[in-house]
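Structure record follows, encoded as structure tokens.
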Amino acid sequence: NPVVETLLHRVPDLGLDQWYLTAGGVFQTIWNVVTGRDPQAGIRDYDIFYFAPGDLSYEAEDAVIRHAHDRFADIAATIEVRNEARVHVWYQHKFGVPARQFGSCEDAIDHFASTTCCYGVTLDSSGTIQVYAPHGFADLFALVVRPNPILAPRAVYETKVARWHEEWPMLRVIPWPDEGDEFGLGG
């Protein structure tokens, strides 16, 4: 995916200490490659997470967002940049449930609504690609979408899954677990 490649090489120019390209831009690229589609097909946006706990103001985050917008203006894609150190400030208002303050980008990635989303790609100080994949790769390459019911509400998962399944009908979707069935095993 040329957008992924370009972002991986340009994000370091933003001067962020800890960052990842994450979520749909990563896992949906893999789905596209596995299914023989154009690597960019169906991808709505590309998410860049960074972690800067020193200033949790919207103004500080907005300055990074504006800098990224300028740096990526020539890329024909929607790019979302967010400071994961401040998710707890707005999460309850947006999703109706409180979130604790995350301790790192990895901590934030661990809390996505689906384990399928829990991937992050970054470059280390020598420019080598590093991948964060707390749930491994088996589901990703098998096109399995599995819930991760540790923070996001069921409705968030089901809304995302409905869109993904429309775009990638070959996905095997594991339903959100019933209360008391945290692993979706039934019964």
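The values are calculated or read from the model by the stated rules, or taken from the named source; none is laboratory data. Owing to the predicted nature of the structure, the values given are computational and were not obtained by experimental measurement. So basically every Cβ, Gly included, is an ideal-geometry build from the backbone, and we count neighbours across all protein chains shown.
For the residues Ala99, Ala52, the requirement of being part of a loop (DSSP other than H, G, I, E, B), of a type in the set (A, V, I, L, M, F, W, C) and at pLDDT 95 or above singles out Ala52.
Only residues that are of a type outside the set (S, T, N, Q), without any contact (Cβ under 8 Å) to a residue 40 or more places away in the chain, out of contact with any helix residue (DSSP H, G or I) (no Cβ under 9 Å at 6 or more places or on another chain) and assigned to a helix (DSSP H, G or I) were counted across segment 143-170, and they come to 6.
For the criterion of being touching a residue at least 60 places away in the same chain (Cβ under 8 Å) and within 13 Å of Asn1 (Cα to Cα), Gly36 fails.
Selection within segment 164-187: residues that are at pLDDT 60 or above and among the aliphatic types (A, V, I, L, M). The member of this set that is nearest to Val26 (Cα to Cα) is Leu171.
Can you find, within segment 74-107, the residue that is surrounded by the fewest Cβ atoms within 10 Å (Cβ to Cβ) among those that are among the charged types (D, E, K, R) and more than 15 Å from the chain's Cα centre (by Cα)? Selected residue: Asp74.
Residue-by-condition table, conditions (1) outside any loop (DSSP other than H, G, I, E, B); (2) among the aliphatic types (A, V, I, L, M):
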residue	(1), (2)
Thr6	yes, no
Asp38	no, no
Ala41	no, yes
Leu56	no, yes
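Within segment 15-32, the set of residues being surrounded by fewer than 16 Cβ atoms within 10 Å (Cβ to Cβ) and either within 17 Å of the chain's Cα centre (by Cα) or in contact (Cβ under 8 Å) with a residue 24 or more places away in the chain (or both) comprises Asp17, Gln18.
Scoring Ala52 on the criteria (1) out of contact with any helix residue (DSSP H, G or I) (no Cβ under 8 Å at 6 or more places or on another chain); (2) surrounded by 15 or more Cβ atoms within 10 Å (Cβ to Cβ); (3) free of Cβ contacts under 8 Å to residues at least 40 places away in the same chain; (4) among the hydrophobic types (A, V, I, L, M, F, W, C) leaves a single failure, condition (1). In this structure, does Tyr119 turn out to be buried (at least 17 other Cβ atoms within 10 Å of the Cβ) and modelled with pLDDT of 95 or more? So Tyr119 passes the test.
Mind listing just one residue for me: the one in segment 118-133 that is of a type in the set (A, V, I, L, M, F, W, C) and not in a strand (DSSP E or B) and, of those, farthest from Pro149 (Cα to Cα)? Residue satisfying both the conditions and the ranking: Ala133.
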